[in-house]
1. Give me the strands (runs of 3 or more DSSP E) completely within segment B:22-80, filtered to those with at least 1 residues that are within 16 Å of ligand 2 (Cβ to nearest atom) and more than 23 Å from A:Arg184 (Cα to Cα), ordered by residue number.
2. Show the residue pairs meeting these rules: Cβ distance below 6 Å; 6+ apart or different chains; first residue within segment B:30-58 and within 14 Å of chain A (Cβ to nearest Cβ); second residue near ligand 2 (Cβ under 9 Å from one of its atoms).
3. Let me spell it out: the conditions are (1) more than 10 Å from ligand 1 (Cβ to nearest atom); (2) assigned to a strand (DSSP E or B); (3) within 14 Å of another protein chain (Cβ to nearest Cβ), and B:Asp7 meets all of them except one. Which number is the exception?
4. Considering only segment A:155-171, state which residues are out of contact with any Phe, Trp or Tyr (no Cβ under 7 Å at 6 or more places or on another chain) and over 10 Å from A:Leu106 (Cβ atoms).
5. State whether one or more residues within segment B:58-79 are at positive phi and near ligand 1 (Cβ under 9 Å from one of its atoms).
6. Taking B:Tyr101 and the conditions (1) touching a Lys or Arg at 6+ places or on another chain (Cβ under 9 Å); (2) open to solvent by less than 50 Å² (accessible area, probe 1.4 Å), which numbered condition does it fall short on, given that it satisfies the others?
7. Kindly indicate whether any position in segment A:277-289 is more than 10 Å from chain C (Cβ to nearest Cβ), over 21 Å from the mean Cα position of the chain (by Cα) and either open to solvent by 40 Å² or more (accessible area, probe 1.4 Å) or among the aromatic types (Phe, Trp, Tyr) (or both).
8. Taking the condition away from ligand 1 (no atom under 16 Å from the Cβ), within 30 Å of B:Glu235 (Cα to Cα) and in contact (Cβ under 8 Å) with a residue 24 or more places away in the chain, does B:Met86 pass?
Amino acid sequence: MKADAVKNVQLADRSPSGIKIIWQEIKKDRLALGSFYFLLIFLASVYIASFMIDQKAIARVDIFSIYLMPSDAHLLGTDYAGRDILGQLIFGTSNSFTISLCITILTALMGLCAGLIAGYFGGIVDNVIMRVIDFIMSLPSTMMIIVFVTVVPKFTVTNFIFIMSIFLWTGKARLIRSKTLAERELEYVQASQTLGTPHWKIILYHILPNISSVIIVNFTLNLAGNIGLETALTFLGFGLPESTPSLGTLISYARNPDVLENKWWIWLPAAAIILVLMLSINFIGHALKRSADARQRRG
Amino acid sequence: MVLLKIDDLKVHYPIRGGVFKTISDYIRAVDGVSFELKEGETYGLVGESGSGKSTIGKAILKLINMTSGRIVFNGQDLSKFSFGQMKPFRQDIQMIFQDPYSSLNPRKRVADIIAEPLRNYQCLTVGEEKKCVQNYLDKVGLNPDSMYKYPHEFSGGQRQRIGIARALTLKPKLIIADEPVSALDVSVQAQVLNFLQDLQKEFKLTYLFIGHDLGVIRHMCDKIGVMYRGRLVEEGISEEIYENPQHIYTKRLIAAIPELNPERRAQKTELRKKIAKEYEQLYPEYFDEHGRAYDLKSISNTHRVAMP
Amino acid sequence: MWKFILRRFLVMIPQLFLLSVIVFALAKQMPGDALTGVSMDPRISPERLYELREKAGLNDPWYEQYRRWISGIAQGDFGKSYTHKIPVSEVIAERIWNTVFLALITLILTYLLAIPMGIASGRFNDTWIDKVVTGYNYLGFATPIFIFALIMLFVFGFSLGWFPTGGSVDSKVDAGTFAYYLSKLHHVILPALSTALIATVGTVQYLRNEIIDNKYKDYARTARSKGIPETQIYTRHIFRNSLLPIAAFLGYEITGLVGGTVIIETIFSYPGVGQLFVSSIGLRDFSVVTAIVMMLGFATLLGTLLSDIILSVVDPRIRIE
Ligand SMILES: Nc1ncnc2c1ncn2[C@@H]1O[C@H](COP(=O)(O)OP(=O)(O)OP(=O)(O)O)[C@@H](O)[C@H]1O
Ligand SMILES: [Mg+2]
């Protein structure tokens, strides 16, 4: 009966849901809208293509077609082992994007938990969480990630995601905490408390929706940032393991001066894809940010 | 019958200072306050800003942790309970908040706001819940069809009515009204106040009415407690406080009420000056060396004054 | 205020301790220790090996080993590098000045770029010049440093040949001569510029917002109503108020650079600490790795400390926290 009530209430609720609001904000900004469509089409084709192509065929070494220039057989040429660049690009893009998305989601969850709890309850809990955050933030994170990656006994994609997340949730937690702190001062929170609403419900159903726009903006910008970070680490050789090619893997071939100077087709397309991905995600994020800021000003 | 009894309530906030952030002193927001509320009466708490009125109200509801003291509601000592254990008692004690703008969650529709307490305590069907919400909207003089609107679609006075409807849904015995009209226009104030009085008759409510406007308080309250720096300086039924104030601070507060009659305005100014001078001179007699008011002493059956 | 600074220093002590414990724990996790080379030797019996380990203290409880390790570090003794066969401190000493030099030039370039851009777009906001700067900011914000650096290297290093593509100095010039320093500068420009062009974005954005904020503040309006020329209002009041916080970010900037050196030095084959770090991991020379992490971790802590303190002097509001 209770569930029924909830359902009915939602039906009656004609107010725009979170996703609808986001969509309206994006639609207002031409650049953001263009970026959105581009991302949608681009990522959809990459993911579909990655399902259709046989990954083993791409990964097979072919010593007769090493470093081939772009041609009909290999649209974007081949690498030092004669593997097709276009195929690697497709797998690299889907891997890089998926993994960055996972990291962003995981860090968002960690940041939400820590930030909401610290901001809502305050006191000792807040103090402990903030000291931990301060400490992690004062570490040289790039180096720490690299060391963890080399030290971890079994290096897998999951491990990589966890290692990255340990060092990347802190900024989010801090942001969410400060927003929660401000929200908690408003009387509607105390009102809910006097109405007998338990703390967890107040946090999830009252405070969270009110700070969601900040979280979404931060999520978008972080997603772009994480793509950059993941590919950079893979470029250095400490990112995704060999078995999971990333866009950074292709660019890392350019650490060989000969490839960088003379064989642009190996690294340049991957670099361009990273740039375009990050730019278009950023355009969307900045459009959302502007509208969130404006809404905040309007009150 | 005594509904709520507050006994030596203290709320102290530590002031931390120094390199190690050790506690160097306390802000004594409420510092030993005792009073009682009888069923069906309206008790007014007045005092200047920062005197600790809201803190008392919030301490009763455990929105703020108290330092020491006892709060006895309906024979039950609430001070022993934790925030969670308070839940059954929250049905009986509700609060109306000062700011009608921040006390309603901007993301929730009126229906959800008013039904929030119902969902916590009762399992109603959709139809019952809807009927209940509409009923209370009607009671507070709002169109029942407005239940699907958002708070920002209402005026300040209307919002305050929504806040009142929300406090009423659980049929509480005691309502703590923390300056329920101070954020509203004067024209709307009277309307809301009269309406609160009507509700009191209809639902047999007891009010703890917090305010700093003495005119409003007089209009509403049977009994009044005057607060100064976290302590009660005088307590009595309304006539006693207004016609026969004993404490120098109360006298000053009463003298500060604006005079509406233009002919008596000059006279009032004169009185105000006299009292201000008296206040300066007699201050040491009414407060101890730390500027703290003395304990209350009875001077009649109902009238208590803080005197040495 | 002194209390804040003192407290901030005291906070650093447990942080430093924790950092060292983590680095030590990581070092223990790393494959191999001081005797790995010896243990491979078939001529040494297991008993003898055990004896050696006992003597080197490798069988002691971890806290005992930690105590010895940390007191060594306090005296500048980071152990011995097993690839270079010399003390780690010497290996690092060779490289550290290159890194410091690179960081210094990067910082100078970052501020040289940020200040005029920030001021121009803040003062003339919503003009074409502001639009250009803002557009640049968007691009810079979205571009990862390693890709930008690669492209810079490709264009100015390889294609155009204006700058060297690796090393920190031309091996043909003699140390100490003017040509030597010139060559050093020549080697450092491209990596420094690549970082600065990207890293400057945050500062530009901050400065722009700060100037726009100040522009409409009461004091600026008052000055304007008194008839003080616009240029003077900017030079005397607004810039002073907006540039101070920027100065305070110096420490955070350093913190950011520490992370960047690893990538930049690798791309430009610049023999600094960052590149040493990457190559040492490749060579499994973990005593060097540990030392670098410890050292740069310390630098990061110091950078944050520096900024926190300057900021607390400039802006008293944050002291409350
Ligand atoms: N979290 C806190 N920490 C320290 N001091 C506090 C805190 N909350 C309240 N105080 C202090 O407690 C005192 C009483 O505050 P309270 O809100 O009860 O005043 P009030 O009488 O309701 O005033 P107003 O009429 O302005 O609402 C104030 O002096 C305030 O400074
Ligand atoms: Mg108050």
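The values are calculated or read from the model by the stated rules, or taken from the named source; none is laboratory data. These numbers were taken from a predicted model, which means no experiment stands behind them. Every residue, glycine among them, receives a Cβ derived from its backbone with ideal geometry; neighbour counts consider all protein chains shown. Only protein heavy atoms, including side chains, enter the accessible area calculation; ligands, DNA and RNA are left aside. Shrake-Rupley method; radii C 1.70, N 1.55, O 1.52, S 1.80 Å.
1. Filter on segment B:22-80 gives B:22-38, B:42-47.
2. B:Ser54/B:Asp178; B:Gly57/B:Asp178; B:Gly57/B:Ile210
3. Checking B:Asp7 against (1) more than 10 Å from ligand 1 (Cβ to nearest atom); (2) assigned to a strand (DSSP E or B); (3) within 14 Å of another protein chain (Cβ to nearest Cβ), the one that fails is (3).
4. Selection gives A:Phe155, A:Thr156, A:Val157, A:Thr158, A:Asn159, A:Phe160, A:Phe167, A:Thr170, A:Gly171.
5. no
6. All conditions are met except number (2).
7. Within segment A:277-289, not a single residue is more than 10 Å from chain C (Cβ to nearest Cβ), over 21 Å from the mean Cα position of the chain (by Cα) and either open to solvent by 40 Å² or more (accessible area, probe 1.4 Å) or among the aromatic types (Phe, Trp, Tyr) (or both).
8. On the way: away from ligand 1 (no atom under 16 Å from the Cβ): yes; within 30 Å of B:Glu235 (Cα to Cα): yes; in contact (Cβ under 8 Å) with a residue 24 or more places away in the chain: yes.
Against the criterion (away from ligand 1 (no atom under 16 Å from the Cβ), within 30 Å of B:Glu235 (Cα to Cα) and in contact (Cβ under 8 Å) with a residue 24 or more places away in the chain), B:Met86 qualifies.
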